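Asker: Following this message is one structure expressed as C-alpha cells.
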Amino acid sequence: MPIKPKLRPFPSHFAWGFAAAAPQIEGAAYTDGKGPSVWDTFARIPGKVANGDTLDVACDHYHRYPEDLAMMAALGAKHYRLSIAWPRIFSRGHGEVNQKGIDFYNRLIDKALELGLTPWVTMYHWDTPQGIEDDFGGWRNRDTVKAFGVYADTIVKAFGDRVKHWITLNEIICFTRMSYGTGQRGPGLMLPEQVVNQTYHHAMMAHGEGVRAVRQHGGPGARVGLTDCSEAFIPLSETPADIEAARRVFVHENGRVLEPMYTGRYAPEFLASLGADAPHMEPGDLELISQATDFLGLNVYRGRFVRAGADGKPEILPFPPNYPAADAEWLTHTPQSIYWAPRMAAEIYGVESIAITENGAGYNDLPPVNGEVLDLHRRDYLRNYLRELQRAIDDGVPVDAYFLWSFMDNFEWADGYQRRFGVVYTNYETQERTPKASAKWYSQVMAANAIV
Ligand code: GBH
C-alpha cells in the first residue's frame, strides 16, 4: 500500500539561521585600533590552546565578510547571530570610542540586511578587552559592569536603528567559573570560590545593563534576551517520577542564572549553600538583573540523564565510556536535550519565547575530497536534534528560532582550529570555504521549513 509521509512543517514564522562569534571568525586581531582581548593574551601562553593556535587571523572574516554573508544567504538562511567585539569599539574597553570599529560593524550589518539576513547581535561573547582586565580586574570588579553599560549604550545607539534583536551575554559560566575558577579559558585564573561567585553576580548585572541600554536606546521593535547554556537534564523515562527528578536537578543546576533573572532573587537554599562564599550584593542589583526580557536564548549541545532513585532522590547518571559522542568529548549524542531544556525553562520560569541560539557538532573533519566533505555524522546529529525540537514545538514549547553553530569552521577556543563545528569547511591556508554535506542538507531544511 502507498505510504504518505507527513511533512510536519515548522511554524510559519520560525526563524532559521547560523550563529558565529567575533573572536572566533574575524581575525584582524590588532587591525584598525582593535585592542587585545583576554583571549588574544591567553592564546599566547604556551600550552593553553591546542597547537599554539591564536585568534590573529582565524577565518579572516573581518576582510571576507561580504563573501561569507553571501554564502549564508545563498544557503537560504534568513537570520544571522553575530557578536560585536568589545575591544574593537573601545580598544581598552573604556575611554574613547574607536570609530573604525563602529565603521566595521556598520558595513557588516548593512551588508547582512542587503542580503536579507536579519542580524541578532550578541554584545559580548567572552572577548573581554585586556584593558578591562588590567585596569579593573575584569569580572571580579563592579567597575567592569559600569564599563559594560557604557559599551552597551554605545553599540545600541550606533546600530539600534537596524538591529532589533539583541543578546546581552553568551554563556555566563564560560567567562566566570571557567575563566577565574578552573583556568580553562581566558584570562585563565584559578581563584577562590568567593571570587568566582562574585564574577557570576557581576555578569548578571552586566546582563541587566544590556537590557537597560536596549530599553533606553533600542527604538521601536527592539527585543533583548540573554543566552545561557542551561544544563539540560533528560528524564531516563518520560514518566512522572523521572520527569520530576530531572526537573529538580534542572532548577538546582541552572538556578544561579535563571532564578535571579526571572524571580528577582537568588534562591535562599542556593545562598545558604554558598555560605561565606556568597557574592557581595548592593541595593538595586537584583532589580537591575531581573528586568523583563523578551526572549531566552539557549545554547543546547548535550544533556545528562536523570532518574528518580529508590528513595525518590534524583540521580544524575554517569555516561559509560562507550556512549556515542562527537570528537569534542563533552558533546554526547543526546538529542532529547533540545526537547527538555526549553521545555523546563518554559514550565519552571514561564519563559514565553525561546531561541535556540546555538546547536551543532564538533568533529575533526578531513579536508574536501573532490570538492566534497561527507560529514554524515554531523548531518545525523543535527537531524536527530531537530526531530526533538519539532516534538517540543508540537507539544507547545515556545521555541521560535534556531541558529546552527556554526556557519564555518572557526577558532574553537582551547581546542584551536583542529576541532571543526562548521557546516562549511574552512581551509586555513587558502581561506577557501567549501560547504559540507551538512550545509547542503540544512539548506534544504530551511527551504522546506521542515526536516528533510
Ligand atoms: C559554545 O559553548 C560557545 O558559545 C561557542 O563559542 C563554541 O564555539 C561552541 O559552543 C562549541 O563549543 O567541562 O568538559 O564538561 C559550548 C558550551 C559549555 C561546552 C561548557 C563545554 C564544558 C565542557 N560549553 N562545556 S566540560
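The values are calculated or read from the model by the stated rules, or taken from the named source; none is laboratory data. Note that the structure is a prediction, hence the values are computed from the model and not measured. Every residue, glycine as well, gets a Cβ built from its backbone with ideal geometry; the counts of neighbours run over all protein chains shown. The accessibility values were calculated without ligands, DNA or RNA, using every heavy atom of the protein model including side chains. Shrake-Rupley method; radii C 1.70, N 1.55, O 1.52, S 1.80 Å.
Asker: Return the pairs, sorted by first residue and then second, in which the second residue is open to solvent by 10 Å² or more (accessible area, probe 1.4 Å) and part of a helix (DSSP H, G or I), the first residue lies in the range 196-225 and is farther than 30 Å from Asp277 by Cα, the beta carbons are less than 6 Å apart, and the residues are 6+ apart or on different chains.
Answerer: Ala213/Asp153; His217/Lys157
Asker: How many of the residues making up the range 294-317 are open to solvent by less than 50 Å² (accessible area, probe 1.4 Å) and either under 17 Å from the mean Cα position of the chain (by Cα) or within 13 Å of the ligand (Cβ to nearest atom) (or both)?
Answerer: 8
Asker: Which condition from (1) aliphatic (A, V, I, L, M); (2) within 16 Å of the ligand (Cβ to nearest atom); (3) more than 20 Å from Leu271 (Cα to Cα) is the one that Ile243 breaks?
Answerer: Tallying (1) aliphatic (A, V, I, L, M); (2) within 16 Å of the ligand (Cβ to nearest atom); (3) more than 20 Å from Leu271 (Cα to Cα), Ile243 fails exactly one: (2).
Asker: Considering every residue within the range 88-109, establish whether at least one is open to solvent by less than 10 Å² (accessible area, probe 1.4 Å) and closer than 25 Å to Ser353 by Cα.
Answerer: For the range 88-109, residues open to solvent by less than 10 Å² (accessible area, probe 1.4 Å) and closer than 25 Å to Ser353 by Cα: present.
Asker: So Asp365 fits all but one of (1) among the acidic types (Asp, Glu); (2) open to solvent by 40 Å² or more (accessible area, probe 1.4 Å); (3) touching a residue at least 24 places away in the same chain (Cβ under 8 Å); (4) away from the ligand (no atom under 11 Å from the Cβ); what number is the exception?
Answerer: Here Asp365 meets the rest and fails (2).
Asker: Further, regarding this structure: Checking the condition open to solvent by less than 30 Å² (accessible area, probe 1.4 Å) and more than 20 Å from the chain's Cα centre (by Cα), which residue from Ala401, Ala450 passes?
Answerer: Residue meeting the stated conditions: Ala450.
Asker: Those residues that are away from the ligand (no atom under 11 Å from the Cβ) and open to solvent by less than 20 Å² (accessible area, probe 1.4 Å), I need them from the range 405-424; list them, please.
Answerer: Listed by number, the residues that qualify are Phe407, Met408, Gly416, Val423, Val424.
Asker: Out of Glu347, Glu352, I need the residue that is on the phi < 0 side of the Ramachandran plot, at pLDDT 95 or above, part of a loop (DSSP other than H, G, I, E, B) and open to solvent by 40 Å² or more (accessible area, probe 1.4 Å). Which one?
Answerer: Glu352
Asker: Any idea which of (1) open to solvent by 60 Å² or more (accessible area, probe 1.4 Å); (2) more than 20 Å from Thr227 (Cβ to Cβ); (3) in contact (Cβ under 8 Å) with a residue 12 or more places away in the chain is the one Lys78 doesn't satisfy?
Answerer: (2)
Asker: Taking Leu271 as the residue in question, decide whether it is within 21 Å of the chain's Cα centre (by Cα) and either surrounded by fewer than 20 Cβ atoms within 10 Å (Cβ to Cβ) or of a type outside the set (Phe, Trp, Tyr) (or both).
Answerer: no
Asker: Scan the range 4-27 for residues that are outside any helix (DSSP H, G or I), touching a helix residue (DSSP H, G or I) at 6+ places or on another chain (Cβ under 7 Å) and within 16 Å of the ligand (Cβ to nearest atom) and jot them down.
Answerer: Phe18, Glu26, Gly27
Asker: Going by what's in this entry, would Thr334 be described as of a type in the set (S, T, N, Q), within 16 Å of the ligand (Cβ to nearest atom) and under 17 Å from Gly422 (Cα atoms)?
Answerer: no
Asker: If Val399 meets every condition in (1) in contact with a helix residue (DSSP H, G or I) (Cβ under 8 Å, 6 or more places away or on another chain); (2) within 16 Å of the ligand (Cβ to nearest atom) apart from one, which number is that one?
Answerer: Going through (1) in contact with a helix residue (DSSP H, G or I) (Cβ under 8 Å, 6 or more places away or on another chain); (2) within 16 Å of the ligand (Cβ to nearest atom) one by one, Val399 breaks only (2).
Asker: Identify all residues within the range 13-30 that are farther than 16 Å from His63 by Cα, open to solvent by 10 Å² or more (accessible area, probe 1.4 Å) and in contact with a Phe, Trp or Tyr (Cβ under 9 Å, 6 or more places away or on another chain); write none if there are none.
Answerer: Hits for the range 13-30 are Phe14, Trp16.
Asker: Residues being at pLDDT 95 or above, under 19 Å from Asn299 (Cβ atoms) and among the small types (Gly, Ala, Ser): count how many of those fall in the range 247-268.
Answerer: Number of matching residues: 0.
Asker: Residues being touching an Asp or Glu at 6+ places or on another chain (Cβ under 9 Å) and more than 14 Å from the ligand (Cβ to nearest atom): count how many of those fall in the range 179-192.
Answerer: Number satisfying all stated conditions: 2.
Asker: Restrict the check to the range 361-374 and report whether at least one residue is in a loop (DSSP other than H, G, I, E, B) and closer than 15 Å to Asn299 by Cα.
Answerer: Looking for residues that are in a loop (DSSP other than H, G, I, E, B) and closer than 15 Å to Asn299 by Cα, one finds at least one in the range 361-374, hence yes.
Residues are listed down the side, and each one gets a yes or a no for (1) farther than 26 Å from Ser83 by Cβ; (2) basic (Lys, Arg); (3) free of Cβ contacts under 8 Å to residues at least 12 places away in the same chain:
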{"site": "Pro268", "(1), (2), (3)": "yes, no, yes"}
{"site": "Gly275", "(1), (2), (3)": "yes, no, yes"}
{"site": "Gly284", "(1), (2), (3)": "yes, no, yes"}
{"site": "Thr293", "(1), (2), (3)": "no, no, no"}
{"site": "Leu317", "(1), (2), (3)": "yes, no, no"}
{"site": "Pro320", "(1), (2), (3)": "yes, no, yes"}
{"site": "Ser337", "(1), (2), (3)": "no, no, no"}
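Asker: For residues that are crowded, with 24+ Cβ neighbours inside 10 Å and part of a helix (DSSP H, G or I), scanning just the range 210-232, find the one that is nearest to the ligand (Cβ to nearest atom).
Answerer: Gly210
Here is a yes/no grid of residues against (1) of a type in the set (Asp, Glu); (2) within 16 Å of the ligand (Cβ to nearest atom); (3) outside any helix (DSSP H, G or I):
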residue	(1), (2), (3)
Phe104	no, no, no
Asp110	yes, no, no
Pro119	no, no, yes
Thr122	no, yes, yes
Asp143	yes, no, no
Phe148	no, no, no
Ile155	no, no, no
Cys174	no, yes, no
Gln194	no, no, no
